[in-house]
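To start, the structure itself, in structure tokens.
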Amino acid sequence: MIASQLLENEYSGHFATYIREAGDGKLIEELEISLHDFIRFVQNIPMDKFDYRYAEGKWTIKDIIQHIIDTERIFAYRALRFSRNDKTPLPSFEEDDYANNTESNKRSIQDLLTELSALRHSTLLFYKSLSEDQLKRIGTASGNQISVRALGFVMIGHQKHHQKVFEERYL
């Protein structure tokens, strides 16, 4: 399954940007490849850039990596609920509240990348365990409908989006 094969009813509005960013790789393969690409990319960033802010009030690279981790945890939890046919609408989350309540800038970059890697491997194992029917199940989060498989592509696209932000604004 590739992102362009998602049906129109599997996601809405604001998720479309991240799904486009995911590219046209297969879901499971791209979850793995994108992690390795991201880690390799981050490991080549000069050490003095990890705590850099390109403008007042903007997040550092460490903050953004923590944001990617937090967001993947939330999206994977949503995917779990929906895959198990839980029809309870799930609320949105305020990313700035999460970012303002971490200690990401006190952590080493290696610690953040290790956590991201462990989380992604957990996400991969979860997605590999799902049947075709479970992947197609749809739930409501943040007032929008989204399928389990679309959430997987959103995780990939969200990570790739932030990698582009690093390239454009931090390096």
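Scanning the chain for GluC sites (Glu not before Pro) that sit in a DSSP loop and have at most 10 other Cβ atoms within 10 Å, the longest stretch containing none of them is 104-171.
At an R0 of 22 angstrom, the distance between the Cβ atoms of residue 85 and residue 9 translates into a FRET efficiency of 0.85.
Local charge for residue 28 was computed over the other residues whose Cβ lies under 12 Å away, with Lys and Arg +1 and Asp and Glu -1, and equals +1. Expressed as a whole percent, the accessible area of region 13-171 that falls on carbon and sulfur atoms is 48 (1.4 Å probe). Pairs to check: 128/160; 49/160; 62/87; 58/136. Give those whose C-alpha atoms are more than 29 Å from each other in this structure. From 128/160; 49/160; 62/87; 58/136, over 29 Å: 62/87; 58/136.
In this entry, region 44-122 is assigned a mean projected area of 6.3 nm², taken as a quarter of its C-alpha convex hull surface.
In degrees, nearest 10, range 0 to 90: what is the angle between the Cα axis of helix 148-165 and the longest Cα principal axis of the chain? For 148-165 against the chain, the angle is about 20 degrees. Positive contributions from Lys and Arg (+1) and negative ones from Asp and Glu (-1), summed over other residues with Cβ under 13 Å from the Cβ of residue 60, come out at +2. With 20 Å as the cut-off, how large is the P(r) tail for region 11-81, expressed as percent of Cα-Cα pairs? Distances greater than 20 Å cover 45 percent of the Cα pairs. For region 68-121, the set of trypsin sites (Lys or Arg not before Pro) satisfying both a DSSP loop assignment and a count of at most 13 other C-beta atoms within 10 Å is given as 84, 87.
Extension gain, residue 128-residue 164: 0.36 nm per intervening residue step, less the Cα-Cα distance, totals 10.2 nm. Relative to the dominant Cα principal axis of the chain, helix 109-128 is inclined by about 10°.
Charge tally for residue 93 (other residues, Cβ to Cβ under 13 Å; Lys, Arg +1; Asp, Glu -1): -4.
Which order do 64, 39 take by accessible area at a 1.4 Å probe, largest first? Can you show the working numbers first?
Details: 64 5, 39 30 Å².
The ordering from most to least exposed comes out as 39, 64.
Applying the Kirkwood pairwise sum to the alpha-carbon positions of region 1-42 produces a hydrodynamic radius of 11.2 angstrom. If you average the alpha carbon positions of region 119-171 and of region 34-95, how far apart do those two centres end up, in angstrom? Between the Cα centre of region 119-171 and that of region 34-95, the gap is 11 Å.
Ranking 165, 42 from most to least accessible surface, computed with a 1.4 Å probe over the protein chains only, gives 165, 42.
Compute the Kirkwood hydrodynamic radius of region 125-171, taking the inverse of the mean of 1/r over all pairs of distinct Cα atoms, and give it in Å to one decimal. Numbers along the way, then the final one.
Working: mean 1/r = 0.0812 Å⁻¹.
This gives a value of 12.3 Å.
Dipole magnitude for the chain: about 320 debye, using +1 per Lys or Arg Cβ and -1 per Asp or Glu Cβ, origin at the Cα centre.
Using the Cα coordinates of the chain, the gyration tensor eigenvalues translate into equivalent-ellipsoid semi-axes of 28, 17, 15 Å, sorted from longest to shortest.
The values are calculated or read from the model by the stated rules, or taken from the named source; none is laboratory data. Keep in mind it's a predicted model, so treat the numbers as computed, not measured. Quick reminder, even Gly has a Cβ in these numbers, built from the backbone with ideal geometry, and neighbours come from all protein chains shown. The area values use the complete protein model at the heavy-atom level, side chains included, leaving out ligands, DNA and RNA. Shrake-Rupley method; radii C 1.70, N 1.55, O 1.52, S 1.80 Å.
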